[in-house]
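The values are calculated or read from the model by the stated rules, or taken from the named source; none is laboratory data. Since this is a predicted model, take the numbers as computed values, not measurements. In this analysis, Cβ positions are derived from the backbone assuming ideal geometry, glycine residues included, and neighbour counts consider all displayed protein chains.
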Amino acid sequence: MEPVSFLRRFGLMVGLVLLQVLILNRISLFGYATPMFYIWFIVRFESSMTRNAMLIWGFFIGIVIDMFTGTPGLNAACSTILALLQPKIVTLFLSKDRRDIVVPSRDTMGGGPLAGYLFLTTLVHHTFYFIFRSIPLGDWTVLMAKIVFSTLLTFLIMLAVGMSADRSDKRRSL
Amino acid sequence: MRSLLDFIVKYSYVFLFILLESVSLALLFGSNERQRMAFMTSAGRFSGSILEWRSDVKSYFGLRRENEKLAYENAMLRSRLNTVLDNIEVESLFSRIEGDYAVARVIDNSVRKDDNYITINKGRADGIERGMGVFDSRGVIGVVMLPGKKYSIVLPVLNGRSSISCKISGSNSFGFLEWYGGNPYMAYIVDMPFHTDVNPGDTVVTSGFSSAFPENIPVGIVESVEEEQLNYMLRLTVSLFVDMSDIRWVYVNTHGQDPEPEELKEELQ
């Protein structure tokens, strides 16, 4: 599988940022759950990327989202953490013989492991996100509700996209 | 020495992570309110123009509703005009009103957060200044907080820091309109004198005591009256006239704006 070109990655980033700030940020189910699908960008980092590149891209998409939402550093902090942990989380769900260059997807991992992977990445990101956003920590129940509902919502969207993306176009890497 | 270099190269990403994370957290926790607002670049050119584009697209779908609102306002103004026409010459009336209000479009808005902000597509270039009142045909919306060059951030009623001087229509007892999060249709009037004769169903309007709003801009309807025994004040629950989740076009009160008293007040505090 070819490494993803800079332009293509940049294009994906612009698309996800626009989707996030123009549409998804308007959604607030029950006042708690906002889907943060933009982390799809980090979720799909292929393992051939250098860790430095992952961190820089992760930081970059976070800070751009922050520019729109008026939360300096919030998304940047969380997406950088996710970019650091992403390679580790992938290996948790890969069988030992598949440690070669791989984009996390249903084809490369299988449906079950992909679901686990998507859930854990979302949970990690959203946990940091809502903790950072709520400091100083006040109401624990509200915090937990926000983490749980938002994680579920983002996870379901990513799962739907992840399960259908490769079927329609097997050769595309993104 | 060589192995040290190898080590540094191999784990350079750890240093990079620490650097990027420090930058993020410094931005997140280190910035004061003013820097935060400056970063809030929905007032900046780049994100502002994209948000404005979204608002453009959305406004096409809302034209019908907007028309209804305008027609309603027209009808109301017309009936009001009829009553004043008898007393005032029309020409002098219009020369007085002209230039009092700037019309702006809301390009970004939230109601569900604890601290909501609104972005409008007019800024210092259009004569917008900090402290100017913002309202629409239905009533009070907020006060300009951070005027950018082309866009401005408005502190709406639905923000914990908002406090707008109000009174009961027809009386002279006044209090402050505040909001404590939660329901975006309800706010509170606090510090209203104990002896005020006020009942559920009364209309709340701006007092005109602050320079932000002229007198008698509608705010909402009193839902309930609570007596606060502790400080001998009344606390009114007010149902707001403006559905803050549905605002497109707003007026900014550019007339009679005198920022100095506000700044003085801030310095005194």
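Residues are listed down the side, and each one gets a yes or a no for (1) in contact with a strand residue (DSSP E or B) (Cβ under 8 Å, 6 or more places away or on another chain); (2) polar (S, T, N, Q); (3) under 15 Å from residue A:123 (Cα atoms):
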| position | (1), (2), (3) |
| --- | --- |
| A:53 | no, no, no |
| A:57 | no, no, no |
| A:61 | no, no, no |
| A:68 | no, no, no |
| A:75 | no, yes, yes |
| A:87 | no, no, no |
| A:95 | no, yes, no |
Q: Would you tally the residues in segment A:99-129 being within 13 Å of chain B (Cβ to nearest Cβ) and free of Cβ contacts under 8 Å to residues at least 60 places away in the same chain?
A: 1
Q: Could you tell me which residue of segment A:49-80 is surrounded by the fewest Cβ atoms within 10 Å (Cβ to Cβ), considering only residues that are more than 19 Å from residue A:11 (Cα to Cα) and more than 7 Å from chain B (Cβ to nearest Cβ)?
A: A:50
Q: Give me the pairs, please: first residue somewhere in segment B:151-172 and under 23 Å from residue B:249 (Cα atoms), second residue anywhere and assigned to a loop (DSSP other than H, G, I, E, B) and among the β-branched types (Val, Ile, Thr), beta-carbon distance under 8 Å, and either six or more positions apart or on two chains.
A: B:152/B:128; B:157/B:242; B:158/B:111; B:164/B:157
Q.
So, restricting to helices (runs of 4 or more DSSP H) that lie completely within segment B:45-110, which ones have at least 2 residues that are closer than 20 Å to residue B:250 by Cα and at pLDDT 65 or above?
A. B:45-61, B:63-85
Q: Pull up segment B:1-34, narrow it to residues that are part of a loop (DSSP other than H, G, I, E, B) and more than 7 Å from chain A (Cβ to nearest Cβ), then point me to the one that is modelled with the lowest pLDDT.
A: B:32
Q) Cβ-Cβ below 9 Å, separation at least six or inter-chain, first residue in segment B:61-77 and not assigned by TED's automatic domain parsing to the domain that holds residue B:138, second part of a helix (DSSP H, G or I) and surrounded by 10 or more Cβ atoms within 10 Å (Cβ to Cβ): which pairs? A) B:66/B:59
Q: Answer with yes or no whether residue A:22 is touching a Lys or Arg at 6+ places or on another chain (Cβ under 8 Å) and either surrounded by 19 or more Cβ atoms within 10 Å (Cβ to Cβ) or at the interface with chain B (Cβ under 8 Å from one of its Cβ atoms) (or both).
A: yes
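Residues checked against (1) at positive phi; (2) out of contact with any Ser or Thr (no Cβ under 7 Å at 6 or more places or on another chain); (3) touching a residue at least 24 places away in the same chain (Cβ under 8 Å):
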residue: A:12; (1), (2), (3): no, yes, yes
residue: A:20; (1), (2), (3): no, yes, yes
residue: A:26; (1), (2), (3): no, yes, no
residue: A:44; (1), (2), (3): no, yes, yes
residue: A:57; (1), (2), (3): no, yes, yes
residue: A:61; (1), (2), (3): no, no, yes
residue: A:70; (1), (2), (3): yes, no, no
(Q) Criterion first (in a loop (DSSP other than H, G, I, E, B) and of a type in the set (A, V, I, L, M, F, W, C)) does residue A:64 satisfy it? (A) no
Q. Restricted to segment B:136-151, and to residues that are modelled with pLDDT under 90 and assigned to a strand (DSSP E or B), which residue is surrounded by the most Cβ atoms within 10 Å (Cβ to Cβ)?
A. B:147
